[in-house]
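Undergrad: My questions all concern the structure below.
The values are calculated or read from the model by the stated rules, or taken from the named source; none is laboratory data. Because the structure is a prediction, the values reported are computed rather than measured. Here the Cβ positions follow ideal geometry from the backbone for every residue, glycine too, while neighbour counts run over all protein chains shown.
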Amino acid sequence: MTKVLLLGATGYVGKRLVDTLVRSGQYKVYGIARSEAKAKALALAEVTPIICADPVNDPVSYMEAVRNKHIDVIVDIAGANQESAKFLSQAKKIGQERLNSYAAAGITGPKLGFVYCSGTWVHGSSNQSVNDLHIAGPNAATPPRALVAWRVGLENAILGSADVLDVAVVRPALIYGRENTIWTPFVLPLLQAARSGSSETVNIPLQADARPALIHVDDVATGFQKVIEKLPLINGGSVYPVFDLLTSQESMSEIFSAMASVWDFKGDCRLIGPGDDLFAEAMSTSMRGSSSRAKQLLGWEPTRTNGYVADMDVYAAAFASQH
């Protein structure tokens, strides 16, 4: 049974990935918990918790678990931004220790795996077709969004660690579904206005003509599962271990029109552009992408393929139930 350690196990994507891995019965799942309460939540989900209050700056406790429990794969979905470089550094250290121990015993053993959650925003914003084989970076035809420009360097550092680790970079598109966490700053004002019966204008700092690539959070989880499952095979051949995950491209204006309609908002929902808000600028990223490699090479089969707008009654109700 493959042993997987999730950094970010209690987060938006992490909870879905936990469910997917545990339900498959093929993995023993460990998760970092910053508190006793989160440790109990992981235990209830049949995950072995490893308590670490500050995994970025104090990785000793969970890295000892990687050694002692002989973890096979570390998955970084923690959303630690540039600090994820510290996770990679620790993984490389243990990966090298493991290879050295194999060499001392005169055997060839498996590498420690390291899977990182990046995102399709590194492709920048464009209506030109791109896929995961297109090189991302400041010299690309469309440079990365400013908010995530640093990710390119981290992705390259991960790919450059393949001599010590089995590596993969997974790039989900803009995620929706369930808690709709990433959408909250933009969607909550609309919900509150609808509930109050207001007929005034709600200004949303997003680009009206943006057409983001989208993916449901459940399909992100199964994408990561497939990467974990195929990680040694990916790294054992000539496969470029970077995978874009997306299932649709939809109009931002249509998304908010559908949401306003579901909530019976009487006013005007106006998308006014992101201004100097880098997060809103990234949310407004247009992308014509493809997940054909993930489907062909990993056997990934997304199931939430209707899109965001088509089932907005379900997604809007799910969001409203939490606020």
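Undergrad: Report, by residue number, each residue of the stretch 223-240 that is in a loop (DSSP other than H, G, I, E, B) and within 13 Å of R171 (Cβ to Cβ).
TA: Residue satisfying the conditions is Y240 alone.
Undergrad: Looking at F265, F319, F243, which one is in a loop (DSSP other than H, G, I, E, B) and buried (at least 21 other Cβ atoms within 10 Å of the Cβ)?
TA: Result of the check over F265, F319, F243: F265.
Undergrad: Please find, within the stretch 271-306, the residue that is nearest to T120 (Cα to Cα) out of those that are surrounded by fewer than 19 Cβ atoms within 10 Å (Cβ to Cβ) and in contact with a Phe, Trp or Tyr (Cβ under 9 Å, 6 or more places away or on another chain).
TA: Checking each candidate, the answer is R293.
Undergrad: Given the structure, is L297 under 30 Å from G160 (Cα atoms), out of contact with any helix residue (DSSP H, G or I) (no Cβ under 6 Å at 6 or more places or on another chain) and either in contact (Cβ under 8 Å) with a residue 24 or more places away in the chain or not in a helix (DSSP H, G or I) (or both)?
TA: Spelling it out, L297 is indeed under 30 Å from G160 (Cα atoms), out of contact with any helix residue (DSSP H, G or I) (no Cβ under 6 Å at 6 or more places or on another chain) and either in contact (Cβ under 8 Å) with a residue 24 or more places away in the chain or not in a helix (DSSP H, G or I) (or both).
Undergrad: Mind checking which residues of the stretch 268-290 are assigned to a loop (DSSP other than H, G, I, E, B) and small (G, A, S)?
TA: Within the stretch 268-290, G273, G275, S284, S286, G289, S290 meet the criteria.
Undergrad: A follow-up question, please. Output the residue which, of all residues in the stretch 81-92 that are among the small types (G, A, S) and in contact with a helix residue (DSSP H, G or I) (Cβ under 7 Å, 6 or more places away or on another chain), is surrounded by the most Cβ atoms within 10 Å (Cβ to Cβ).
TA: Out of the qualifying residues, it is S84.
Undergrad: Only one residue in G109, G113, G95 is in contact with a Leu (Cβ under 9 Å, 6 or more places away or on another chain), small (G, A, S) and modelled with pLDDT under 95. Which one?
TA: It is G109.
Quick grid of which residues meet (1) within 20 Å of the chain's Cα centre (by Cα); (2) over 25 Å from I175 (Cβ atoms); (3) of a type outside the set (A, V, I, L, M, F, W, C):
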position	(1), (2), (3)
M1	no, yes, no
A9	yes, no, no
L21	yes, no, no
V29	yes, no, no
R34	yes, no, yes
L44	no, no, no
S84	yes, no, yes
V115	yes, no, no
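Undergrad: Follow-up question, since we're still on this one. Which one is surrounded by the fewest Cβ atoms within 10 Å (Cβ to Cβ), of the residues in the stretch 39-78 that are small (G, A, S), free of Cβ contacts under 8 Å to residues at least 24 places away in the same chain and within 26 Å of I158 (Cα to Cα)?
TA: A53
Undergrad: Suppose the filter is in contact with a helix residue (DSSP H, G or I) (Cβ under 9 Å, 6 or more places away or on another chain), of a type in the set (S, T, Y) and touching a residue at least 60 places away in the same chain (Cβ under 8 Å); does S251 pass it?
TA: Criteria not met by S251.
Undergrad: Working only within the stretch 206-225, note down all residues that are under 14 Å from the mean Cα position of the chain (by Cα) and over 17 Å from R288 (Cα atoms).
TA: Residues satisfying the conditions are V217, D218, D219, V220, A221, T222, G223, F224, Q225.
Undergrad: Output the residue which, of all residues in the stretch 1-38 that are among the β-branched types (V, I, T) and closer than 17 Å to A65 by Cα, is surrounded by the fewest Cβ atoms within 10 Å (Cβ to Cβ).
TA: Top of the filtered list is T2.
Undergrad: Does any residue in the stretch 278-292 that is at pLDDT 95 or above come within less than 6 Å, Cβ to Cβ, of a residue that is among the basic types (K, R) six or more places away or on a different chain, and which pairs are these?
TA: Close Cβ pairs (under 6 Å, with a partner that is among the basic types (K, R)) amount to A282/R145; T285/R145; S286/R211.
Undergrad: Still on this model: List pairs: first in the stretch 86-97 and farther than 20 Å from T108 by Cβ, second at pLDDT 95 or above and surrounded by 18 or more Cβ atoms within 10 Å (Cβ to Cβ), Cβ under 7 Å, 6+ apart or cross-chain?
TA: F87/L7; F87/D76; L88/F114; L88/I158; L88/S161
Undergrad: Given D132, D76, which one is in contact with a Lys or Arg (Cβ under 7 Å, 6 or more places away or on another chain) and either closer than 28 Å to G14 by Cβ or of a type outside the set (K, R) (or both)?
TA: D132
Undergrad: While we're on this one: Could you check the stretch 170-221 and list, in sequence order, the residues that are in contact with a Ser or Thr (Cβ under 6 Å, 6 or more places away or on another chain) and of a type in the set (S, T, N, Q)?
TA: If the condition is that a residue be in contact with a Ser or Thr (Cβ under 6 Å, 6 or more places away or on another chain) and of a type in the set (S, T, N, Q), then Q207 is the only one that fits.
Undergrad: Shifting gears a bit: Which is within 15 Å of F256 (Cα to Cα) and exposed (fewer than 15 other Cβ atoms within 10 Å of the Cβ), of N203, N127?
TA: N203
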